[in-house]
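Enquirer: Once you've had a glance at the structure underneath, I'll fire off some questions.
The values are calculated or read from the model by the stated rules, or taken from the named source; none is laboratory data. Since the model is a prediction, treat every value here as computed from it, not as a measurement. Glycine gets a Cβ as well: all are built from the backbone with ideal geometry, and neighbour counts include every protein chain shown. To get the accessible areas, we keep the full protein, side chains included, count just its heavy atoms, and leave off ligands, DNA and RNA. Shrake-Rupley method; radii C 1.70, N 1.55, O 1.52, S 1.80 Å.
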Amino acid sequence: MNIRRMETDILIIGGGSAGCMSAIRAKELSSETKVCIWEKGDFKYSGSIARGMDALNIVCIPNLTDPDLYLEAVQAGCKGVVDAKPSYVMAERSYQLLKKLEKWGVKFILDKNGNYRTLQYHVKGRFQTAMDEPDLKLILAKKVLEQDVTIINRVMGIGLLKDGDQISGAIGMNTRTGELIVSRAKSVILCAGGQARFNLPNSGYLYGTFDYPGNSGDGFIMGLDAGVKLTGMEYCSRVNLIKDASMPLLAITVTRGGRVMDCFENVIMEGAVNRVDEMNKAVEEGRGPLRISLKHLPEETIEEIEHILFSCERPVQERFFKNRHIDFRTHDIELWPTEVQLCGGHGMSGIRVDENAWTGVPGLYAAGDVACVPKQHLSGAFVFGEIAAESVVEFLKEAQDVCVDENEILSISKQRDSRAEILDKNIDIREFEYKVRRIIGDYLPSPKNEYKLLRWLDWSKVFKKELENEVKVEDGHDLARLYEVEHIIRCADCSAVAALARKESRWGDAHYRSDYPKTDDDNWLKHVLVHNGEQYENLDTTTARILNMDDKEVVHEN
Amino acid sequence: MRIDDSSIRVNRHTCIACGICVDRCIMDNLRLSVAPCRQVCPVGMNCQGYIRLIAMDKEVQALDQLLSFGPFLGVIAATCNAPCENVCVRKKRDGAVHIFELERYMAKKYSDKLNTVEIPQVLSGKSVVIVGTGISGLACGFRAIQSGHSVTLYSRSFDENEKTDVIKDIITALENAGAAFLKHTDLKDDLADLKKYDAVILSQLKDKLLIASDYFEITSDTEIDSPSHLLRDNIFCSDTGSSKKGSVYEIAESFETIESVNRFFNNEPFDWGRGFYTQDGAVKAYKTDPRVGSEEQRIAIEDLPDGFDKETAKKQASRCFGCGRAFEKNQTCWYCLPCELECPQGALDVAIPYLVK
């Protein structure tokens, strides 16, 4: 099999929101720099924001909110486990970002007085700024295509290459043909998303996930093998969203006056999404299923909600509700906990980065859901996409030339050929993924305990053996999928070892250990970092202090 | 191969199997099941596509499907032995769809548009020289212009009188699109000139042997690599000496050669991801729907001395069963809807998978 070879200055892995922004910013700063994007799907619509979006989740609008208030809000939301600087910087640049998007033609909603329409999604402060943009991804893609950026579709990253300590490129796979591609690059920006395919969604349909199911933790695993540290992998949050569809609607409905109610008609939230913990508690206590009621709202508001739900982020909701004969004027919307996602965007899991989007590995930067800037959402993906590009352009000024490691490429290529071999293999790749994710669901979400977490690690060994020797793939698509399932298994390992290390309970049902049921700030108000090592499944954990604004200590030593 | 409509519903009457949805799917869920007529077509023409559009009274859109062949549609329509009709699913029932006659109908009716070679807005800035002005050389020239290159064609023995009208039209079309013809030029005299160009294409095997074999370092044993058509360095040969003779095969080889030249200019490997639609991506299995295709009978071509007119063309086109189509292969749908949004015919509906709905 031939391996495609290429060279570039900046290789961006992932062409979604963060990847597009990185490419645009890099070209703004240095038009001569060669930029290449590897995109797993098709660039025009790819990523978690396949279509549009209803809000820029975090914007500090001058005279309304400020970065200090945002920091308080996000610290409260993360129960203290968040480095201050990245979140602060994101908030600080968010208004400038909004203005930039507006200039590109992204439509933000203004009220009667000409002010941006803001909604309360956080405990404190109206940071969420309403947007009405069904074509957000198209606008971004067009901006990138105006630049001289090489875009290679249908490539998933499977490994990073290093020259000594420094990044020297990456190796990827064509998700249709299974062919390999190697790019030599002095710098790589990982924008490959989080891990959306963890346990099974409650519909039982493998791809019926909340988040874009192409995000299979590729970036976490590539980073891990290159020496980064992952944080928050034990944060297994499940949000109560539309039953079976697992699609977002909380912010859109509740911030416009919708009521979240338990089955005894108690109102849990109304007007602001500020008591998500209470929702989870109600479900735990058997007061579920919860539902959202819009019946009391005026027709005008219901139409506005329908317009947004049915046009922006997941327009398919319109036919979902139609199929189920649910009219918001007469029916409530039933909620159910979604599957777990490991995600740096709306969760707290990901590569630990500093305020410069640096991962700690020379030449390697990360932005978007793959990087942990807790609950940064779309604002964070955009801002850190830009920051990563700025840091890379700076890095390239001093960067040495790099070589790719031919032995590494050869061994990955050999492994690929052996996985593509079908002789004497009998396990269907789809069944394999189903079973892996079913077992993940059995052992990894809360309530957790040492016994369960260790049981997963036993299963993981079995799955890895089966993956190498027994799972049969028929074509290039299936082969790429096998690599995705490998990443799913290895992300689950990371989640298990991090959860084993954090001997306390925190974040409600995102990390509840029945053997350590109390929150223990004295010992555990800190990061649990997962990295390569010897303890379990080639992984090890350490802990790290949480860094404040005035901290002299830095996230990564140079 | 399971081809059904449980999650992705494709309207068999309107789908033209163009494959846009397959390309747009961000989960790589969709594949194209290719009709037998297209499977056997040497140039991979989407026969079903333009025929179904003629049947739907959308001739302008049908023409869009054929524009990439430009003036060569006329050559194919004049010379092809129509293997497509031989495999047409309707053949066994009451005679194959008149694929070939419909192609001639389109080529004749829209010759003005087809003879206008479209130059892309952004040019490549690369220059290509083609040795030989036979069908193969001209086809290379045509595709190279379409790809945005500046094109020069050399011909040693260029005799206007020997050329047919169709060929004369092609030469005019290429000249109008900016191609330079150096007629009656013997390359032996100015080989050094070739170095000016970013790529050199020998369009005929006999050129390869006759013209300065020393310069090109080739002998009668030299084999031409497939699929790259590369001889060495920046020199390509569009004639692989394959046993399949005929204009349509020459055109197919020429288009492949220019694909290689484009990859060469872009520093892309010759084989990576190539032929997705002719190999892995194009699924040979297909399922026909008896409800598609009218009861109209096949008519004898002898009864149509002037070929089809609009009405008869539409009637005969409506006999097509529309065998090919996009379908859900991998069961990875996230119901994000770009496929539906981008379908030019509005033929595709995303139904939510049963487990979720």
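Enquirer: Aspartates and glutamates near A:Lys472 by alpha-carbon distance under 16 Å, same-chain residues fewer than 8 away left out - which ones?
Expert: A:Asp417, A:Glu421, A:Asp424, A:Asp428, A:Glu431, A:Glu433, A:Glu484, A:Glu486
Enquirer: Accessible area per residue for region B:235-320 in Å², computed with a 1.4 Å probe and the full protein assembly in place, what is it?
Expert: Per residue, region B:235-320 has 53 Å² of solvent-accessible surface.
Enquirer: Under 17 Å Cα to Cα from B:Lys195, which aspartates and glutamates show up? Leave out anything in the same chain fewer than 8 places away.
Expert: Reachable aspartates and glutamates: B:Asp186, B:Asp214, B:Glu217, B:Asp233.
Enquirer: Next up: Separation between the A:Asp428 and B:Glu342 pseudo-spin-labels, each 7 Å from Cα along Cα→Cβ, expressed in nm?
Expert: 2.9 nm
Enquirer: Let me ask something else about it. Region A:220-302: which GluC sites (Glu not before Pro) are DSSP loop and have at most 12 other beta-carbon atoms within 10 angstrom?
Expert: A:Glu265, A:Glu285
Enquirer: Would you kindly derive the ³J(HN,Hα) couplings of region A:257-274 from the backbone phi angles with the Karplus curve 6.51 cos²θ - 1.76 cosθ + 1.60 (θ = phi - 60°), listing them in order in whole Hz, with x for Gly and Pro?
Expert: Values per residue, Gly and Pro as x: x, x, 10, 9, 10, 8, 6, 9, 6, 6, 7, 8, 9, 7, x, 8, 8, 10 Hz.
Enquirer: Follow-up question, since we're still on this one. Give the cross-link partners of A:Lys100 among the aspartates and glutamates, using a straight C-alpha distance below 12 Å as the criterion and excluding same-chain residues fewer than 8 apart.
Expert: A:Glu386
Enquirer: Report the trypsin sites (Lys or Arg not before Pro) located in region A:244-277 that are in a DSSP loop and have at most 12 other Cβ atoms inside 10 Å of their Cβ, or state none. Display every interim value, and only then the final one.
Expert: Details: sites: A:Arg256, A:Arg259, A:Arg275; in loops: A:Arg256, A:Arg275.
Counting only loop positions with at most 12 other Cβ atoms within 10 Å, none of the trypsin sites (Lys or Arg not before Pro) in region A:244-277 qualifies.
Enquirer: So if each residue of separation counts as 0.36 nm, and I subtract the Cα-Cα distance between A:Asp148 and A:Glu534, what length gain in nm does that give?
Expert: Here the answer is 134.6 nm.
Enquirer: What total accessible surface area, summed over both chains, is buried at the interface between chains A and B, computed with a 1.4 Å probe and given in Å² to the nearest 100?
Expert: That pair of chains buries around 3600 Å² in total.
Enquirer: A further question follows. Going down the list A:Lys452/A:Lys503; A:Lys103/B:Lys126; A:Lys162/A:Lys397; B:Lys109/B:Lys163, which pairs span over 25 Å between their C-alpha atoms? Let's see the in-between values first.
Expert: Working: A:Lys452/A:Lys503 14 Å; A:Lys103/B:Lys126 35 Å; A:Lys162/A:Lys397 19 Å; B:Lys109/B:Lys163 22 Å.
Going by Cα-Cα distance, A:Lys103/B:Lys126 fall outside the 25 Å limit.
Enquirer: Separate question: Could you pull out the chymotrypsin sites (Phe, Trp or Tyr not before Pro) across region A:60-124 that fall in loop regions by DSSP (anything but H, G, I, E, B) with no more than 15 other Cβ atoms inside 10 Å?
Expert: Answer by residue number: A:Trp104.
Enquirer: Hey, with R₀ at 45 Å, roughly what FRET efficiency would A:Asp327 and A:Ser514 work out to, going by the Cβ-Cβ distance, to 0.05?
Expert: E between A:Asp327 and A:Ser514, to the nearest 0.05, is 0.60.
Enquirer: Sticking with this structure for a sec: How many nm is it between the label spots at B:Lys58 and A:Thr301, if each spot is 7 Å from the Cα in line with the beta carbon?
Expert: So the two model labels end up 4.3 nm from each other.
Enquirer: Please compare each pair in A:Lys375/A:Lys435; A:Lys107/A:Lys143; A:Lys79/A:Lys281; B:Lys58/B:Lys113; A:Lys79/A:Lys375 to a cut-off of 18 Å on the Cα-Cα distance and tell me which ones are over it.
Expert: A:Lys375/A:Lys435
Enquirer: Within region B:74-98, whose backbone N sits under 13 Å from a point 7 Å along Cα→Cβ of B:Gln297?
Expert: Only B:94-95 fall inside the zone, counting backbone N under 13 Å.
Enquirer: Sorting B:Ile167, A:Ile167 by accessible area (1.4 Å probe), largest first, what list results? Walk me through the numbers before you get to the answer.
Expert: Numbers: B:Ile167 25, A:Ile167 0 Å².
Ranked from most to least accessible, the order is B:Ile167, A:Ile167.
Enquirer: Given the -39500 (n - 2.57) contribution per DSSP H run of 4+ residues, what per-residue ellipticity at 222 nm results for chain B, rounded to the nearest 500 deg cm²/dmol?
Expert: My calculation for chain B gives -9500 deg cm²/dmol from helical runs alone.
Enquirer: Simple spin-label model, 7 Å along Cα-to-Cβ: B:Lys163 to A:Lys397 in nm?
Expert: Going by the 7 Å Cα→Cβ label model, 5.8 nm.
Enquirer: On a 1.4 Å probe surface of the protein chains, which of A:Thr177, B:Thr257 comes out largest in accessible area, and what is the full order?
Expert: A:Thr177, B:Thr257
Enquirer: Work out which helices of chain A, taken as complete DSSP H runs, extend at least 30 Å along their axis over the Cα atoms and score a mean Kyte-Doolittle of -1.0 or more, then list them.
Expert: Span-like helices in chain A: A:377-398, A:476-501.
Enquirer: Give me the net charge of B:Tyr249's neighbourhood, meaning all other residues with Cβ under 12 Å from the Cβ of B:Tyr249; Lys, Arg count +1, Asp, Glu -1. Before the final figure, lay out each step's value.
Expert: Numbers: positive: B:Lys244, B:Lys245; negative: B:Asp239, B:Glu250, B:Glu253, B:Glu256.
Its environment carries a net charge of -2.
Enquirer: Roughly how many Å is it from the Cα centre of region A:317-340 to that of region A:290-309, as a whole number?
Expert: 12 Å
Enquirer: A further question follows. Would chain A count as rounded, prolate or oblate if I go by the C-alpha gyration tensor, calling it rounded below 1.5 in a/c and otherwise prolate when a/b exceeds b/c, oblate otherwise?
Expert: Rounded.
Enquirer: A:Ile139: net charge of surrounding residues, Cβ under 12 Å, Lys/Arg +1, Asp/Glu -1, itself excluded?
Expert: That works out to +4.
Enquirer: For chain A, what is the accessible area per residue in Å² when the probe is 1.4 Å? Mind showing how you got there, number by number?
Expert: Working: 20100 Å² over 558 residues.
Accessible area per residue: 36 Å².
Enquirer: Once amide H atoms are placed 1.01 Å from N in the peptide plane, what residues at a sequence separation of 5 or more from A:Leu529, or on another chain, have their amide H within under 5 Å of its amide H?
Expert: HN-HN under 5 Å from A:Leu529: A:Thr542, A:Thr543, A:Ala544.
Enquirer: Once each part is reduced to its C-alpha centroid, what is the distance from region B:45-113 to region A:422-480 in angstrom?
Expert: Between the Cα centre of region B:45-113 and that of region A:422-480, the gap is 50 Å.
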